[in-house]
Amino acid sequence: MQGDFSRVTFDPAQRFSAVLSQQGRVQLDSEMNEQTAILLHYLRSLTTDVLGPAACPVGPGEDGGFKVAFADGTLTVTSGHMYVKGILCESDGAEYWTQPDGYLEQARDKDRELPPGPFMVYLRVWERLVTANEAPAIREVALGLHGPDTTARTRVVWQLDWTALGPEPLIPDANTAPEFLKKRIKERFGSRGQLAARTRRPEGETDPCDLPPDAGYRGPENQLYRVEVHCGGTAGKATFKWSRENASVVLPIRSIAGPTVELDTLGRDDELGLEAGDVVEIVDDASVCRAALDVIPDTCARLYRIAEIDHVARRVVLDADPAEDPHQPNVGTVHERHPLVRRWDHQPPERAEAAEGPPAAPADGALPVEEGKWLPLEDGIHVWFEPSADTGSPSFYRAGDYWLIPTRVVTGDVMWPTDARGEAQRRPPHGIDYHYAPLANVEPSGSGQRDVRDLRMLFDRLGRPRQEP
């Protein structure tokens, strides 16, 4: 979640059941957020234990939510509820190409067209952060039209997707579909890569009293660093970006004309604003939601460098025209999709011009993911990428996967778990967590039509109308 947080402290392995305030103490955002996370973890775990990983409630004469139908070459789902890993998904009824958080375009998404052969329809469920920039009603205007936003929200996103069923010898049924889908997703993405973080220490030095002044974290402020995969793929193809503000520095876009972007504001101050030379990306509701789909290395959008700034007119000039990006041709141009400029704090490597020597820097403006070596960020902070420990095959770094690294001036160090030897532990991504649920098989029938086999797990509602004698 790309919010302005001090840190994220919830860890299910700690088995905490509540956060208790003490009198006369400072209130921290991380503690309030941990209480919310504890409660959600309990409720969703309980729901999953009772109902299973995915289930739909039905009543007498009801079809339940998310029932798939196929007609006129497209899919529809019914209105209602479904619980996926305990997360409540709500549908008002939707069609495949116009689903609320799909942002699919038939002219653009030829690879998303439904196949002629048998395929499985499934639901992808995840959560995204929504701030006052995406939902203006969150902001209390009594604090100023462009005043501080006090809180943020999380929104459940569900998306209809499909996977072809050939050439498996058996078509999965309701009992085998969950394991089949899990295996298919694993085949597509493989195991997720891991990351460790530390501050630079001289080799062999163990006494903190003897450390030189340049050892440890040297930043002037406490920060929450975010390391995020930008372009998905295996090491050598994947790229990453990082921010010292958890990528929370975002500025609403008014208009885009070529490489010139007009903004509502250039930021609250010098630390949370824009300057020439900064690296930024352009995002909106569509690009955020489509990130769950666009994970193949050759489909990632590019990052931009700010070439000029007009502080009076609140305009920035980018080093390229966003309309020329083939992977996001319309990003930032639709006001209803709440377009934003998001600042990142890394500096892209210089492009290699020679045909021989080091490989060219990634064209997307991010940093290459290199495994098995400590990579410097800034102020003594280093990160280490490596494959997942549970597989011998290369790990896949999925676009949008991220790790959060709190740093503290008082300790001169990162807040990162270590093992018994004091070595930084390798950890899987802190997010994004995607959950999947099979909905139906769509198979050709002898009449040239399509048969739909329901794969949902249904359960009776607990409360039913009392029957009259």
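The values are calculated or read from the model by the stated rules, or taken from the named source; none is laboratory data. Here the structure is a predicted model, which is why all the values come from computation and not from measurement. Neighbour counts are summed over all protein chains in view; Cβ atoms, including those assigned to glycine, are modelled from backbone coordinates with ideal geometry. SASA here: full protein model, heavy atoms, side chains in, ligands and nucleic acids out. Shrake-Rupley method; radii C 1.70, N 1.55, O 1.52, S 1.80 Å.
What residue, of R421, R453, R427, is basic (K, R), open to solvent by 60 Å² or more (accessible area, probe 1.4 Å) and either under 19 Å from N246 (Cβ atoms) or at pLDDT below 85 (or both)?
R427 is the lone residue from the list that is basic (K, R), open to solvent by 60 Å² or more (accessible area, probe 1.4 Å) and either under 19 Å from N246 (Cβ atoms) or at pLDDT below 85 (or both).
If I filter segment 369-414 down to residues being in a loop (DSSP other than H, G, I, E, B) and among the aliphatic types (A, V, I, L, M), which single residue comes out as most open to solvent (accessible area, probe 1.4 Å)?
Applying the filter and picking the extreme gives V410.
Which residue out of Q27, Q2, Q14 is at pLDDT below 95, open to solvent by less than 70 Å² (accessible area, probe 1.4 Å) and out of contact with any Pro (no Cβ under 9 Å at 6 or more places or on another chain)?
Sole residue among the options that is at pLDDT below 95, open to solvent by less than 70 Å² (accessible area, probe 1.4 Å) and out of contact with any Pro (no Cβ under 9 Å at 6 or more places or on another chain): Q2.
Among the residues of segment 345-369, which ones are at pLDDT 80 or above and over 21 Å from A235 (Cα atoms)?
The answer is D345, and nothing else.
So G64 clears everything in (1) open to solvent by 60 Å² or more (accessible area, probe 1.4 Å); (2) assigned to a loop (DSSP other than H, G, I, E, B); (3) not charged (D, E, K, R) except one condition, right? Which one?
Of the numbered conditions (1) open to solvent by 60 Å² or more (accessible area, probe 1.4 Å); (2) assigned to a loop (DSSP other than H, G, I, E, B); (3) not charged (D, E, K, R), the odd one out for G64 is (1).
Could you check, for segment 299-310, whether at least one of its residues is out of contact with any helix residue (DSSP H, G or I) (no Cβ under 8 Å at 6 or more places or on another chain), without any contact (Cβ under 8 Å) to a residue 12 or more places away in the chain and within 30 Å of W126 (Cα to Cα)?
no
Run down R314, R302, R254, R290 and say which single residue is in contact with a Phe, Trp or Tyr (Cβ under 9 Å, 6 or more places away or on another chain) and either buried (at least 21 other Cβ atoms within 10 Å of the Cβ) or over 27 Å from P406 (Cα atoms) (or both).
When all the criteria are applied, what remains is R290.
Residues that are under 25 Å from E105 (Cα atoms) and either open to solvent by 10 Å² or more (accessible area, probe 1.4 Å) or touching a helix residue (DSSP H, G or I) at 6+ places or on another chain (Cβ under 8 Å) (or both): does segment 237-249 have at least one?
No: segment 237-249 contains no residue that is under 25 Å from E105 (Cα atoms) and either open to solvent by 10 Å² or more (accessible area, probe 1.4 Å) or touching a helix residue (DSSP H, G or I) at 6+ places or on another chain (Cβ under 8 Å) (or both).
Cβ-Cβ under 8 Å, sequence separation 6+ or interchain: first residue in segment 262-279 and more than 14 Å from L340 (Cα to Cα), partner part of a loop (DSSP other than H, G, I, E, B) and aliphatic (A, V, I, L, M). Which pairs?
What qualifies is L272/V249.
Restricting attention to segment 248-267, does a residue exist that is among the charged types (D, E, K, R), in a loop (DSSP other than H, G, I, E, B) and farther than 17 Å from E134 by Cβ?
no
Only one of E221, E203 is at pLDDT below 85 and either out of contact with any Leu (no Cβ under 9 Å at 6 or more places or on another chain) or open to solvent by 30 Å² or more (accessible area, probe 1.4 Å) (or both). Can you tell me which?
Sole residue among the options that is at pLDDT below 85 and either out of contact with any Leu (no Cβ under 9 Å at 6 or more places or on another chain) or open to solvent by 30 Å² or more (accessible area, probe 1.4 Å) (or both): E203.
Filter segment 418-436 down to the residues that are of a type in the set (S, T, Y) and out of contact with any helix residue (DSSP H, G or I) (no Cβ under 6 Å at 6 or more places or on another chain), then identify the one that is farthest from M1 (Cα to Cα).
Result: T418.
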